[in-house]
Structure formats: structure tokens, C-alpha cells
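The next block holds one structure in the form of C-alpha cells; read it before the comments.
Any read-out appearing in this document is the output of simple, stated calculations on the displayed coordinates, not a laboratory observation. Keep in mind it's a predicted model, so treat the numbers as computed, not measured. Here the Cβ is made from the backbone with ideal geometry for all residues, glycine too, and neighbour counts use every protein chain on show.
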């Protein structure tokens, strides 16, 4: 049982902006258990044995290959990691499922097919289906006997998913819904046996959801889409022409389909962060190996400062992403366990636990996809001309990466959602933003109190993170006060505030990881962690400063603007470090072990 003190201490989604977090409160990847690492290795072995040797065949969409690979994954239990044991799965916790998602992130198009099947394909039925629906579908989805897809997007809806036109009308005998409409960008559409389809019943304002079987009369498919990347992933348009769907195949409640879509997207966003993390680590390893092997002017290119800078910056950003991703994952896991302990059913608790951290899920989706894009771009650059050749895996990684900034809601939508969700939490009394924002406003009017010198490097960097948070509260508070309801329409300002929040969350997560690891193993063992903490905090301060200045100049003027600009300079100032030497040290570790080692 949880004590009152434990409940009081548990941080809630978005609260990182106004609360100091201690290192012992977070999970760090150095704490994985042997069993969890064995699961990760099983997934990594599958990628190396079955995916990497067949990448060209997969991208050529060889008939039946992708479904057969999903079958093999099902035989190993990989399709049912999160599925309860009584429904044919492995019943593992959310954190372990995230680790497996990371391991499969190097699988290019297969990771997309896998994610669509195990995520948006399976989870709506697992979390929202009634007992009969779960018993009918989940065991066969967990083994891969049946494959799944998710039919939400329509040609005219895009980011406004609830505006879909696909219709469902009850038959005269009341036994079927008659579905008509069109869906597009349907992953696994070419071979899925089970389709979760969103449609509006009669003149309903909100969507409802239905489970359809592929062989139902009236379902047809366009040919496979030709895409920039993830070419091996089946992507089709699906058409519904008077499809008769038994009423018992309605999923959850009428008009609650959009709720299903939103909650499943929360899961998909943090899972995407886990997947791109794995992909980014793999790309760095490929880049390091190439840099060590490729010689120019009589020496490996890894000896040159320009290459070392690239490798270090890639690794530092990925290390921060990993720190933030598993910090949020543990927060979600703790919330799920807390809700289950309170008597809530596991599926409902999982959805509510993830929804509690929806702002973090959105931030990590944005941060992860953009870190991977940065890493693959620099990976191509390190390869030089060979990076542009289709003979290399790096070229494929570059193309495959781009979709992640569009998947699971575009990064622009997710940035605005981040701010919107945190503000709504403040309005609902879940997070106290007003008090800290007012304190920052008062701080601007007072003489800075520099206090005593920090006792150690971690105390020093906690001070920087506190100031980053003050910068966000200053900008967001002033914008909300000046623009009020108009702020929702000022998308450029929201994007800037989101960028400030994302960088702060990542920087704090890396700091907490470094501090906790130092507490566990000593500062000497944590030297690389501390170096990356310093480098990333410096970079984050630059981004936060620029984003904050741009936001302030968008709505403030005169003395108010000058005062807040002075505050922004103060709040984003960090230690003067020899960034070149810090990056060289990080790069040296990569080069020595010939891979991404953390």
C-alpha cells in the first residue's frame, strides 16, 4: 500500500515545470534487470537475423514476406509482450515493452509494421473491447495468426481526425451497421485481417469505432502507395461500400471513438520515442564504424575534429533522449501500478496512466523524431558520397526517418498540444502554474540573489535547470496574461514555448541520470555522463534563449520587453566550458569501442 507521503510526492504530467525532481525519483537505463535485457536481446537478435539480411527484399515488397516476418515475431512472443497472459500474451510491464520497442527501432519498415500491429492495431481492442471481443481477437493477434490495422485518417481530415466523413447507419432489422467511406495511409492495409475502423453513426458529432474482418463484403483496397521511405511497409487506401458490420462489432460506446483515438495516440507517441531511440543508436554505431574504417590523407576520418564533433553531438542528443524517454516511462509505469493498486482494471489503468503524462508523450514524440532526423542527416554527411548511395544502409535510414515527424500527429500539432495540455492541467487545478509564474514575475523586479557557490557540479546544474523553468514560466505567463484567449491562435508563440519545455525536460532528465549514476558508481565512473550533461545543457540553453526571445518579441514591447529580455539572458546563462574538449572526450569513447556504448 502507498503511504500518503508517497502519493503526495508522485509527480504528475506537466508538473516538471514547477517542481524540483530528485535523482532518486527517476529510473535510469543503467537499472535494467537481467530479464529485461534478455528480452531486449531477443528482439535485437531477431532484427539482426531476420530483418537486416532481408532489407532489400522487404523494401521491394516481396509478396508475403512482411506477414511471414510478423509470423516469426509472433512465434517468439514479440507480438504479445503487453498482452495479458490469459489472452495469449507475455503480460510484461510497460517499461519492458518500451525497451523491446527500442530494440526493434533499427528494423526500418518492419518496425513500422510491427508497431502498427502491436500498437494501434491491437490496443484499441485490448483496452476498449468487451470480454467477447477480446477473447475472439486478442489471442490470434498476440500470436500473429491475425494481423491488424487501424483506419482513422481520411483524405480530407488529416490532423483534424474527428472531421472524418465515413458513415455508419443501423440496418432496418437493427442487426448491422452499414459502413460507407474511405480511409487513407493505412499501415498494414495490404495484409491485415482485422481492421479497427472509425465512422460517425447517423449525424453524430463524434466518431464511433468498429471491428471489421477483411473478408466482409464491400471492403476494397487501392494498390500500394509509393513512398519516400519505409518502402517495405504496406500502405493502402481502404474503401467501404455498404459493408455490413454486426452491431456486436461496435467497439466501446457510441460517439466515444475519438476518445479511443486520442488515448491510443498517447501510447503511440511515447512508443515512437522508444523506436526512434533504437534507430538513432544504430545509426551512430554505423557512423562510428565507417569513420574508423574510412581513410583520407593516410588516416581514418575518425581522427579529424570535424568528424569527432559530429559523432559527439549525435551521441549527446541521443543520450538525452534516452534519459527523458525512460524517465517518463517509469512515471507512467508508477501511475499504472498506483491505479491498479486502487482497484482499477489493468487495461483502463494503463490508458489513464499514459494519459496522465500526455504532455510528456507529445514532447518525446517531437524530440525523438527530430533527434533521429538530426542523427541520420549527420550520418549521411560522415559517409560522404557513400551516404547518398542506395548501396548503404545509411541512405535507407535517412529516407525512413522522415516519416516520424508526421506519424502520430505532426510535430507542429504535438508542440501546440504540449502547451495546451499543460495549460488545461493548470486550469483544472492539477498543476499550479500561476503561483510559480507570479513568483518569476516578482523575481524580475528584484535584485538577483546569487546566493552561495554551489557545493558540486550537480547542484550547479540544478540551478541552471531551475532558471530554464523560470524562463518558460516568464514567457508563458506573460503571453497568457497579455493575449488571454487569443493565445490559442498564436501558434508561433506556442511552438516557441513548447521548444523551451522540450529542451528543459531533456536537459533535466540527463542531469538526473548523471547524478543518480554518480550516486550509484561514483563520479569517476559517471565522467562521460557528466560531460554529456554539460554539453547538452549548454546547447539547451542556447535553444531556450532563442525560442524565448522570439516569443517575447512577438507580443511584448517597450520597457516590458526590455525587462523580460534581461530576464531571459539571466535565466539561460550557463557555465563557460570548453565545448570542443567536452565533445572530443565523448567522441573518443565512441571511437575507442567502435559503437554507441551507453
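For the range 115-249, build the convex hull from the C-alpha positions and give me its volume per residue in Å³.
Numbers: hull volume 14.9 nm³, N = 135.
Each residue corresponds to 111 Å³ of Cα convex hull volume.
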Highest-first arrangement of 303-314, 388-399, 465-476, where packing means the average Cβ count within 10 Å: 465-476, 303-314, 388-399
Residues 258, 407, 319, sorted so that the one with the fewest Cβ neighbours within 10 Å comes first: 258, 407, 319
Inter-probe distance in nm under a simple model that places probes 7 Å from Cα toward Cβ, at residue 486 and residue 52: 5.6
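Just rank 517, 505, fewest to most, by other beta-carbon atoms within 10 angstrom.
517, 505
Which order do peptides 372-384, 43-55 fall in by mean Cβ count within 10 Å, highest first? Walk me through the numbers on the way to the answer.
Values: 372-384: 21.7, 43-55: 16.5.
Per-residue Cβ counts within 10 Å, averaged per peptide and sorted highest first, yield 372-384, 43-55.
What's the extension gain from residue 225 to residue 439 if we count 0.36 nm per residue and subtract their Cα-Cα distance? If you can, show how the numbers build up before the last one.
Working: separation 214, 0.36 × 214 = 77.04 nm, distance 5.37 nm.
Using 0.36 nm per residue and subtracting the Cα-Cα distance, I get 71.7 nm.
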Option label - Rg and Dmax of the Cα atoms in Å computed here, alternatives (1) 26.2, 90; (2) 24.6, 81; (3) 23.9, 72: (2)
Packing rank of 418-425, 212-219, where each peptide gets the mean count of other beta carbons within 10 Å, highest leading: 418-425, 212-219
Helix 411-427 axis, angle to the chain major axis (alpha carbon atoms, nearest 10°): 80
Quotient of C-alpha Rg and 2.2 N^0.38 Å, computed over the range 248-367: 1.53
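Just rank 386, 78, fewest to most, by other beta-carbon atoms within 10 angstrom.
Taking fewest neighbouring Cβ atoms as first place, the list is 386, 78.
Subtracting the Cα-Cα distance from 0.36 nm times the residue separation, let me have the gained length for residue 352 to residue 34 in nm, one decimal.
Working: separation 318, 0.36 × 318 = 114.48 nm, distance 2.87 nm.
Gain on extension, residue 352 to residue 34, equals 111.6 nm.
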Gain on full stretching of the segment that runs from residue 172 to residue 296 - 0.36 nm per residue minus C-alpha separation: 37.0 nm
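Rounded, prolate or oblate, given the Cα gyration tensor of the range 414-593, with a/c below 1.5 counting as rounded? Mind showing how you got there, number by number?
Numbers: a/c = 1.98, a/b = 1.80, b/c = 1.10.
It is prolate, given that a/c is not under 1.5 and a/b is the larger ratio.
Grab the beta carbon distance between residue 573 and residue 213, set R0 = 56 Å, and tell me the FRET efficiency rounded to 0.05.
On the way: r = 61 Å, r/R0 = 1.09.
For residue 573 and residue 213, the calculated efficiency is 0.40.
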